[in-house]
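What follows is one structure encoded as structure tokens, with my remarks underneath.
The values are calculated or read from the model by the stated rules, or taken from the named source; none is laboratory data. In this text the structure is predicted, and so the values were computed from the model without any measurement. Neighbour counts are summed over all protein chains in view; Cβ atoms, including those assigned to glycine, are modelled from backbone coordinates with ideal geometry.
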Amino acid sequence: MSENMPMIPAPRIRKAVFPVAGLGTRFLPATKTVPKEMLPIVDRPLIQYAVDEAIAAGCDTLVFITNRYKHAVADYFDRAYELEQRLASGGKTDLLQKVRDVLPEGVNAVFVTQPEARGLGHAVLCAKPVVGDEPFAVMLPDDVIWNRGGPGALAQMADLAQREGGSVVAVQPVPREQTGSYGIVATDAFTDRHGRISGIVEKPEPALAPSQLAVVGRYILEPRIFALLEQTTPGKGGEIQLTDAIAALLAERPVHAYRFHGTRFDCGTHIGLVEATIRFALDNEAISDQARQAMQRALDELGVADSR
Ligand code: UTP
């Protein structure tokens with residue numbers, strides 16, 4: 001395929017892949033039994049925020065890459081008949097609606113096993129038989145992106161993919177000392193929040209990073225990525241890296257970096273989950289006043305002087 005071929009308008013994405021087969025070691029011991037993706041922010045698990053964002057972007061097929069320790073994820077998206085019956089007969093319609101909204105009608109959930117945690121790239125490759133030959137989204141649920149009142153990050157990216165064709169990777173600037181925690185991109189000059197990627201490296205040392213633009217957990221990928229993943233050998237950390245396959249893709253096809261509107265919380269870290277909890281609690285009408293008071297009490301009792 002040549003990039004000089006006339007650009008056929010890209011079809012809108014319908015399938016979203018959620019790789020949730022990682023070990024979640026940073027949240028041990030909680031993740032000994034509770035998958036990281038099921039940790040809640042207020043009353044909803046992390047996975048629900050990502051699923052809602054995918055559905056809002058137009059996806060109707062959700063592909064979860066799981067393993068034998070993640071039954072809770074599949075159970076969560078299953079119908080809970082007995083519970084629903086009880087809520088219905090008890091007149092608890094609000095709660096019933098919340099339970100039903102987990103997976104709205106017309107949206108399908110598909111579960112694919114990744115037998116061994118061989119890396120994010122390998123997890124995405126496991127989705128190939130379900131995704132087939134169409135562009136698709138990859139969403140990492142520990143990146144929660146909040147765009148209050150506006151379209152979600154994936155919807156913004158889907159618009160760009162439809163306008164420009166090719167693949168789209170969400171990016172945000174990070175301090176130089178943090179480049180070793182991310183995939184980092186080199187790009188052409190940005191117009192209107194996006195620029196074409198010319199290079200991508202996984203977790204570079206700060207001195208070797210080509211920029212401070214870090215990839216965060218939202219991608220729209222053309223299906224060509226699967227063939228490239230099949231050829232990808234284990235990279236950093238001995239894992240099959242999605243970054244390496246994207247590096248091969250951008251030699252053939254346009255891949256855009258996109259700076260989304262919204263705030264990203266890295267809920268794969270302790271402080272990221274705490275910050276997201278604070279933000280969503282303060283933004284939740286039912287508990288915002290109490291949340292504000294609780295935070296004030298905590299600051300008073302622990303002593304603001306101690307806040308170093
Ligand atoms: P992370 O690097 O966050 O790893 O994976 P992790 O295992 O989830 O968490 P820590 O670092 O041990 O605390 C990024 C994403 O890729 C998925 C993870 O589930 C997460 O959504 N993943 C990673 C897989 O699905 N399979 C893998 O083999 C590796």
Check your understanding: Going through region 234-289 one residue at a time, which ones are within 16 Å of the ligand (Cβ to nearest atom), under 18 Å from TYR182 (Cβ atoms), surrounded by fewer than 17 Cβ atoms within 10 Å (Cβ to Cβ) and β-branched (Val, Ile, Thr)?
Key -> THR269, ILE271
Exercise for review: Among the numbered conditions (1) within 16 Å of the ligand (Cβ to nearest atom); (2) touching a Ser or Thr at 6+ places or on another chain (Cβ under 6 Å), tell me where GLY217 comes up short.
Suggested key: (2)
Check your understanding: Just one of the numbered conditions (1) farther than 19 Å from ALA109 by Cα; (2) more than 16 Å from the ligand (Cβ to nearest atom); (3) loosely packed, with under 14 Cβ neighbours inside 10 Å is not true of LEU23; which one?
Key -> (2)
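Sort out for me the helices (runs of 4 or more DSSP H) sitting completely within region 1-119 that have 1 or more residues that are out of contact with any Ser or Thr (no Cβ under 7 Å at 6 or more places or on another chain), at pLDDT below 95 and farther than 28 Å from GLY166 by Cα.
Helices (runs of 4 or more DSSP H) meeting the threshold: 71-77, 81-89, 93-100.
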Review point. Considering region 254-308 alone, what residues qualify as being assigned to a loop (DSSP other than H, G, I, E, B) and of a type in the set (D, E, K, R)?
Key: ASP283, GLU285, ARG308
Exercise for review: Would you please list the contacts, defined by Cβ atoms under 6 Å and residues six or more apart or on different chains, that run from a residue in region 125-148 that is under 27 Å from LEU39 (Cα atoms) to a residue that is among the polar types (S, T, N, Q)?
Suggested key: CYS126/GLN114; TRP146/THR263
**Study point:** When residues of region 220-233 are limited to those that are of a type in the set (S, T, N, Q) and within 16 Å of the ligand (Cβ to nearest atom), the one surrounded by the most Cβ atoms within 10 Å (Cβ to Cβ)
**Key:** THR232
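Going through VAL216, VAL185 one at a time, which residue ends up being touching a Lys or Arg at 6+ places or on another chain (Cβ under 6 Å) and not in a loop (DSSP other than H, G, I, E, B)?
On the way: VAL185 fails: touching a Lys or Arg at 6+ places or on another chain (Cβ under 6 Å).
Exactly one of VAL216, VAL185 is touching a Lys or Arg at 6+ places or on another chain (Cβ under 6 Å) and not in a loop (DSSP other than H, G, I, E, B), namely VAL216.
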